[in-house]
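The values are calculated or read from the model by the stated rules, or taken from the named source; none is laboratory data. Model, not experiment: these values are computed from the prediction. Every residue, glycine as well, gets a Cβ built from its backbone with ideal geometry; the counts of neighbours run over all protein chains shown.
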Amino acid sequence: MPYEQTIIYLDEQTVLAECGPMRLTIQAWKNGKAQNQLCQQAAEYAFSCLESVANHRTLLSQRVQKIHSLPENDLEQRMIESVKVIGDPDLTPMAAVAGTIADFVADWLFDNGPTKVVVDNGGDIAIRLAKGETASVGIRPQINRTELSHIATLDNRRSSWGITTSGLGGRSFTRGIASAVTVLAENSSLADAASTAIANDCFVEDSSIIQVPAGQIDLNTDIAMVKVTVGVGVLNPAKKAQAVQNALSKANAFCRQKLIIGALIALEDIFVMTPSMEEFIST
């Protein structure tokens, strides 16, 4: 890869892996003891995952409807399958890239002995928990700010969790106007694709919403002709409520299909969540 690969110990229990667009924080514990050496090995594995994606970028930049044969690599297969089941026609498998890499790194770690693993790929988080372990994740009301509005608390009723956030101002483009859409699923790959799709549906026609083709912003984007949101003026309360309801309807549909566990949607001062999300969320 043309990018420099960097591994840094941020503190006694956190390893940072950076390479081009990827900024991955890796944490693992075994019965409460940090496993930093193993996390460093996981960082090297993360670089290999990113390189694999780069090698398949042409295929992964196509809409899933046009992909008729799956690659042999499990990582790329997972990206394609996650986006395909979500069903948003504008998404390519790259919509699940961050969450999928987080999953594969978390699974690699968990298979090597830790009892608790947290891998955060730019806000797309994969968590693995053995018996007796729990994890708490802060949720941002605006994707481009650091303050938290809610906490998600996860236990070991399942060993695998994914929690991701999409919205206006994030690393990826959106067709919608959501400040943040946070999705909880059984893995980060599905959560990543789902949060992107739900954020896209947080939309309502209004002259104050500015959209342009994505290719005007990024010549290398895989969705060059899709209009994406670049700015939002003042919306009246009814328009904001309708946009949020559109997103909530999509999230509830995903819950009924058992694609996700739940979702929390924020648009400025409005917060709504699926009923299934309530047991995990506190303020």
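With in contact with a Gly (Cβ under 8 Å, 6 or more places away or on another chain) and in contact (Cβ under 8 Å) with a residue 60 or more places away in the chain as the only criterion, which of 99, 87 stands out?
It is 99.
Quick one: which strands (runs of 3 or more DSSP E) lie wholly within the stretch 221-283 and hold at least 2 residues that are closer than 19 Å to residue 152 by Cβ?
It comes to 262-267, 270-273.
Mind checking which residues of the stretch 174-211 are of a type in the set (A, V, I, L, M), touching a residue at least 40 places away in the same chain (Cβ under 8 Å) and under 22 Å from residue 239 (Cα atoms)?
177, 178, 180, 181, 197, 198, 199, 204
Checking the structure you have, find out if any residue of the stretch 218-225 is buried (at least 17 other Cβ atoms within 10 Å of the Cβ), over 20 Å from the mean Cα position of the chain (by Cα) and free of Cβ contacts under 8 Å to residues at least 40 places away in the same chain.
Applying the first criterion (buried (at least 17 other Cβ atoms within 10 Å of the Cβ)) to the stretch 218-225 yields 221-223.
Narrowing the set further to residues that are over 20 Å from the mean Cα position of the chain (by Cα) leaves none.
No, the stretch 218-225 contains no residue that is buried (at least 17 other Cβ atoms within 10 Å of the Cβ), over 20 Å from the mean Cα position of the chain (by Cα) and free of Cβ contacts under 8 Å to residues at least 40 places away in the same chain.
For residue 187, state whether it is in contact with a strand residue (DSSP E or B) (Cβ under 6 Å, 6 or more places away or on another chain), buried (at least 19 other Cβ atoms within 10 Å of the Cβ), of a type outside the set (A, V, I, L, M, F, W, C) and at pLDDT 95 or above. Lay out the reasoning, then the answer.
Details: in contact with a strand residue (DSSP E or B) (Cβ under 6 Å, 6 or more places away or on another chain): yes; buried (at least 19 other Cβ atoms within 10 Å of the Cβ): yes; of a type outside the set (A, V, I, L, M, F, W, C): yes; at pLDDT 95 or above: yes.
Taking the combined requirement at face value, the residue satisfies it.
Say we look at the stretch 233-282 and pick out the residues that are under 17 Å from residue 85 (Cβ atoms) and in contact with a Gly (Cβ under 8 Å, 6 or more places away or on another chain); which of these is surrounded by the fewest Cβ atoms within 10 Å (Cβ to Cβ)?
Among them, the one singled out is 255.
Filter the stretch 61-102 down to residues that are of a type in the set (Gly, Ala, Ser) and part of a helix (DSSP H, G or I) and give me whichever is nearest to residue 253 (Cα to Cα). Steps first, answer last, please.
Going through the stretch 61-102, the residues of a type in the set (Gly, Ala, Ser) turn out to be 61, 69, 82, 87, 95-96, 98-99, 102.
Now drop any that are not part of a helix (DSSP H, G or I), which leaves 82, 95-96, 98-99, 102.
Numbers: 82: 16, 95: 19, 96: 19, 98: 23, 99: 21, 102: 25 Å.
The qualifying residue nearest to residue 253 (Cα to Cα) is 82.
Got a number for residues in the stretch 1-28 being in contact (Cβ under 8 Å) with a residue 24 or more places away in the chain, over 23 Å from the mean Cα position of the chain (by Cα) and not in a loop (DSSP other than H, G, I, E, B)?
Residues flagged as in contact (Cβ under 8 Å) with a residue 24 or more places away in the chain, over 23 Å from the mean Cα position of the chain (by Cα) and not in a loop (DSSP other than H, G, I, E, B) within the stretch 1-28 amount to 1.
Which of the following residues is under 30 Å from residue 114 (Cβ atoms), in contact (Cβ under 8 Å) with a residue 12 or more places away in the chain, of a type outside the set (Val, Ile, Thr) and touching a helix residue (DSSP H, G or I) at 6+ places or on another chain (Cβ under 8 Å): 171, 158, 140? Explain how you work it out, then say what you get.
Details: 158 fails: touching a helix residue (DSSP H, G or I) at 6+ places or on another chain (Cβ under 8 Å); 140 fails: touching a helix residue (DSSP H, G or I) at 6+ places or on another chain (Cβ under 8 Å).
Residue meeting the stated conditions: 171.
Report, by residue number, each residue of the stretch 117-127 that is out of contact with any Lys or Arg (no Cβ under 7 Å at 6 or more places or on another chain) and either at pLDDT 95 or above or aromatic (Phe, Trp, Tyr) (or both).
The first filter runs over the stretch 117-127 and keeps only residues out of contact with any Lys or Arg (no Cβ under 7 Å at 6 or more places or on another chain), leaving 118-121, 123-127.
Answer for the stretch 117-127, where residues must be out of contact with any Lys or Arg (no Cβ under 7 Å at 6 or more places or on another chain) and either at pLDDT 95 or above or aromatic (Phe, Trp, Tyr) (or both): 118, 119, 120, 121, 124, 125, 126, 127.
Taking the stretch 39-75 on its own, how many of its residues are touching a strand residue (DSSP E or B) at 6+ places or on another chain (Cβ under 6 Å) and more than 21 Å from residue 189 (Cβ to Cβ)?
1
Tell me which strands (runs of 3 or more DSSP E) are completely within the stretch 111-212 and hold 2 or more residues being aliphatic (A, V, I, L, M), or say none if there are none.
Ranges flagged: 116-121, 124-129, 135-139, 150-154, 180-185.
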